[in-house]
Amino acid sequence: MVITTMDYLTIALPKGKLFSLSADLFAKIGYTAEGLSEKSRKLVISNEEKKIKFIITKTADVPTYVEYGAADIGVIGKDVLMESGQDVYELLDLGFGRCHLMMAVPRQQKRADLASYAHTRVATKFPHIAERFFNSKGMQMEYIKLNGSIELGPIVGLSESIVDIVETGATLRENNLEEIVPIMDATARLIANRVSFRLKFDRIHQMVEDLRYILESEVKK
Ligand code: PRP
């Protein structure tokens, strides 16, 4: 018998904060694979018996693997998904990885109102979301794309403000920054490639129902 990619379900998991939460959730529905770990140097980890392949990718790349069908399924934060603008099917809100995207400025240099930041520089990992937000306020800004440690921007004079995610607020506090306006809430989402969703409907549908059952029973606890 010839085994093709059609027989497997390929799931992209992001490195970082969502990895273990995602892997633990999949394990609860029996989707496991020996050696599945964020630290693994092996980037494709399979369960031959269950015909599952996990691939481990950089967070921001999950929507790309899913849109192009290199992965059938992925787990990604709503913030990263919106920023990517990629055309995938959003199947389920997984509830974990809760955070929000906001604008923050140095506490000591806080201006009177949002409008007074127009035409200033904003450092962010999320230039598309930030631009949509400021456009909706009728504000033109200069966007400086950074890939991490966004809070450094205003401290070293790279920008007047940041647009970034907040979870506990510790990073803002440690760096004397203050949130001045919330932009959007985000949680982890289960996404699917649109073609895979049709071709592997029964399997994906069952997986979503199993995950939904686990998530709902955890809420009730
Ligand atoms: C994220 C985000 C903030 C921090 C917020 O960074 O960019 O820096 O977490 O979390 P907190 O409110 O709990 O302090 P991440 O740790 O993903 O690393 P990065 O700065 O390299 O993006």
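The values are calculated or read from the model by the stated rules, or taken from the named source; none is laboratory data. Just so it is clear, the model here is predicted, and its values are computed rather than measured. Positions of Cβ are backbone-derived with ideal geometry, glycine not excepted, and every protein chain shown enters the neighbour counts. Remember, those area values only see protein heavy atoms, side chains included, never the ligands or the DNA or RNA. Shrake-Rupley method; radii C 1.70, N 1.55, O 1.52, S 1.80 Å.
Counting just the residues of segment 37-63 that are in contact with a Leu (Cβ under 8 Å, 6 or more places away or on another chain) and away from the ligand (no atom under 16 Å from the Cβ), which one comes out farthest from residue 77 (Cα to Cα)? Within segment 37-63, the match that is farthest from residue 77 (Cα to Cα) is 51. The one condition from (1) touching a Ser or Thr at 6+ places or on another chain (Cβ under 6 Å); (2) assigned to a helix (DSSP H, G or I) that residue 215 does not meet is (1).
Taking segment 148-163 as the range and being within 7 Å of the ligand (Cβ to nearest atom) and open to solvent by 50 Å² or more (accessible area, probe 1.4 Å) as the test, only 149 passes. Here is the figure for segment 50-68: residues that are assigned to a helix (DSSP H, G or I) and either open to solvent by 30 Å² or more (accessible area, probe 1.4 Å) or in contact with a Lys or Arg (Cβ under 7 Å, 6 or more places away or on another chain) (or both) total 6.
Could you tell me whether segment 11-26 includes any residue that is out of contact with any strand residue (DSSP E or B) (no Cβ under 9 Å at 6 or more places or on another chain), part of a helix (DSSP H, G or I) and either closer than 18 Å to residue 194 by Cβ or of a type in the set (Lys, Arg) (or both)?
no
Taken over segment 164-188, the criterion of being touching a Phe, Trp or Tyr at 6+ places or on another chain (Cβ under 9 Å) and buried (at least 18 other Cβ atoms within 10 Å of the Cβ) is satisfied by 164, 165, 183, 188.
Screening segment 164-208 for residues that are over 30 Å from residue 120 (Cβ atoms) and assigned to a strand (DSSP E or B) and picking the one that is nearest to the ligand (Cβ to nearest atom) gives 188. Looking only at segment 69-115, residues that are polar (S, T, N, Q) and surrounded by fewer than 17 Cβ atoms within 10 Å (Cβ to Cβ) come to 2 in all.
Within this structure, residue 76 passes the test of being among the hydrophobic types (A, V, I, L, M, F, W, C), in the same structural domain as residue 10 (by TED's automatic domain parsing) and within 15 Å of the ligand (Cβ to nearest atom).
Within segment 119-139, residues that are within 12 Å of residue 102 (Cβ to Cβ) have Cβ atoms under 6 Å from residues that are of a type in the set (D, E, K, R) and within 16 Å of the ligand (Cβ to nearest atom) in these pairs: 126/83; 129/83, counting only partners at least 6 apart in sequence or on another chain.
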